[in-house]
Amino acid sequence: MKVWIIGSYGIVSTTAMVGAKNIEKGYDEFTGLVSELPHFNNLKKNISSGFEFGGHEVRMKENAYEAALEHWELNRHFDKSFLETVRDDLERIVAKPGTALNCGTGLSELGELKTLEDDGLNLREIADTLISDMKKFADEETVVINIASTEPLPNYSKDIHGSIEGFERAIDDNKKEYISASMLYAYGALKLGLPYANFTPSAGSSIPALKELAIKNRVPHAGNDGKTGETLVKTTLAPMFAYRNLKILGWMGYNILGDFDGKVLSHNDNKESKVFSKDSVLEKILGESPYSITEIEYFPSLVDNKMAFDFIHFRGFLGTAMKFYFIWDAIDAIVAAPLIIDLARFLIFAKKKGQYGVVKELGFFFKSPMDTDIVNTHKQFEILVDWFRGLQ
Ligand SMILES: NC(=O)c1ccc[n+]([C@@H]2O[C@H](COP(=O)([O-])OP(=O)(O)OC[C@H]3O[C@@H](n4cnc5c(N)ncnc54)[C@H](O)[C@@H]3O)[C@@H](O)[C@H]2O)c1
């Protein structure tokens, strides 16, 4: 299969490439991959086994090996032999320059950028270039996955985002202030009929205009924001309180992380999207919003070792208040990268089975699943398994 990655030189992207290419070469320890669970035994029968990668980037490097090595030197997040085994493959992956439209102040932290806007292109020319890059790469088994830095919440206009007609008119009229990079990439993928996933909290394909395009072109898509850490634990634990009729009085989640993602999220406009995505889950599970604090702070020396400290205050029988604490201490790219492979596989499968529009059943993978309020991890997993079985 082929995977076109938006943000190809990031740590999640390059870790996914290293993992996929090692699997292609025979590495058969599949811990972390949902698609390798016995529930999905027949999934791979429907999909070719190799992985080819391409994508868009705004931090120009020689190739994906150089980018992966830079992340490895900062993080040492896996045994270096995994990187060296696939060095030649990664050296052949060279990203195309992308767009940074409305990506917020956080991108300034990433150093010098090379974007299509630098060449003075208007919105239509940028969109056409993105589409042409994807088209040259794509075949029948290609997915597009957005793993670029988190954008600020978009400037919303019903006239522009409410229908594909309005969206395309805005592109032709060069209304740059309303269109973000993640929307443009998603537009390109859906226009070409390529299944698309948004692993970030950015808007991506979640605006009505692009949902309409996905239905019109019969393309499956899914998002938003990979559920990999604190929110995964939160949406797994919160149902327990609900099942036992224990009342949550307050939930505080304090997250610290370093690395490029942490740098970008240290900017308030970029951070806002992430906090919104993490914060909305409790109400969906409990049917009410307890007092809640969600913080994300930049902590450079941790690099990609993201930590979450959660404190839950709850009330039990006879009104007695009690406390629960947890610490999640994980390597962000290691929990996220296998999900990129999973999403690519499930979306290709969905396309082959004639599924199109938002694939709600893939909500299991996301913090803010589109078009559903089900965020309880246990329920989401059952839904995924039932969906897969039903399509056999
Ligand atoms: N790691 C996790 O567990 C996890 C979970 C959920 C969501 N995410 C999201 O995934 C994304 C990537 O995380 P990461 O840790 O790999 O970050 P990263 O900073 O290492 O990678 C992001 C990459 O995107 C590139 N980029 C930024 N804007 C771009 C644009 N407009 N076009 C093309 N490329 C662009 C950057 O140059 C960078 O190489 C973030 O949005 C993050 O919030 C990560």
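The values are calculated or read from the model by the stated rules, or taken from the named source; none is laboratory data. These numbers come from a predicted model, not from an experiment. We place every Cβ from the backbone using ideal geometry, glycine too, and count neighbours over all the protein chains shown. We work out accessible area using only protein heavy atoms, side chains counted, and drop any ligands, DNA or RNA first. Shrake-Rupley method; radii C 1.70, N 1.55, O 1.52, S 1.80 Å.
Values as computed for the structure displayed
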read-out: Theoretical gain in end-to-end length, K158 to K379 [0.36 nm per residue, Cα-Cα removed]; value: 76.3 nm
read-out: Whole-Å semi-axes of the ellipsoid equivalent to the chain (Cα gyration tensor, √5λ, descending); value: 31, 24, 23
read-out: Contour minus Cα-Cα distance for S48 and E29 (0.36 nm per residue); value: 5.0 nm
read-out: Gyration tensor over alpha-carbon atoms, the range 291-374, equivalent ellipsoid semi-axes in Å; value: 33, 22, 10
read-out: Overall form of the range 203-288 per C-alpha gyration tensor (a/c, 1.5; a/b vs b/c); value: oblate
read-out: Most positive-pole-ward Cα, L232, F311, G287, against dipole of the range 230-330 from beta carbon charges; value: G287
read-out: Cα centre as origin, Lys/Arg/Asp/Glu Cβ charges: the chain dipole, Debye; value: 1300
read-out: Using θ = phi - 60° and Karplus 6.51 cos²θ - 1.76 cosθ + 1.60, couplings along the range 90-107 (whole Hz; Gly, Pro as x); value: 5, 5, 7, 8, 10, 6, 8, x, x, 10, 10, 4, 6, 8, x, 6, x, 5
read-out: Cα-centre dipole for the range 230-330 with unit charges at Cβ (Lys and Arg positive, Asp and Glu negative), debye to 20; value: 480
read-out: Ranking by accessible area, most exposed first, for K360, K211 with a 1.4 Å probe; value: K360, K211
read-out: Cβ-derived FRET efficiency at R0 22 Å, T372 paired with M240, nearest 0.05; value: 0.60
read-out: Length released on extending from N41 to K360, taking residue separation times 0.36 nm less the Cα-Cα span; value: 112.7 nm
read-out: Violating pairs (Cα-Cα greater than 32 angstrom) within the set K175/K353; K80/K352; K21/K367; value: K175/K353; K80/K352
read-out: For peptides 56-63, 191-198, sequence by mean Cβ density within 10 Å, most packed first; value: 191-198, 56-63
read-out: Per-residue SASA entry for S48, accessible area with 1.4 Å probe, Å² rounded to 10; value: 60
read-out: Residue-averaged [θ]222 nm for the chain, counting only DSSP H segments that reach four residues, each worth -39500 (n - 2.57); value: -12000 deg cm²/dmol
read-out: Descending semi-axes in whole angstrom, ellipsoid equivalent of the range 71-200, from the Cα gyration tensor; value: 30, 18, 14
read-out: Relative intensity, log₁₀ I(q)/I(0), of the range 230-330 from a Debye sum that treats every alpha carbon as a point, q = 0.11, 0.16 Å⁻¹; value: -0.36, -0.69
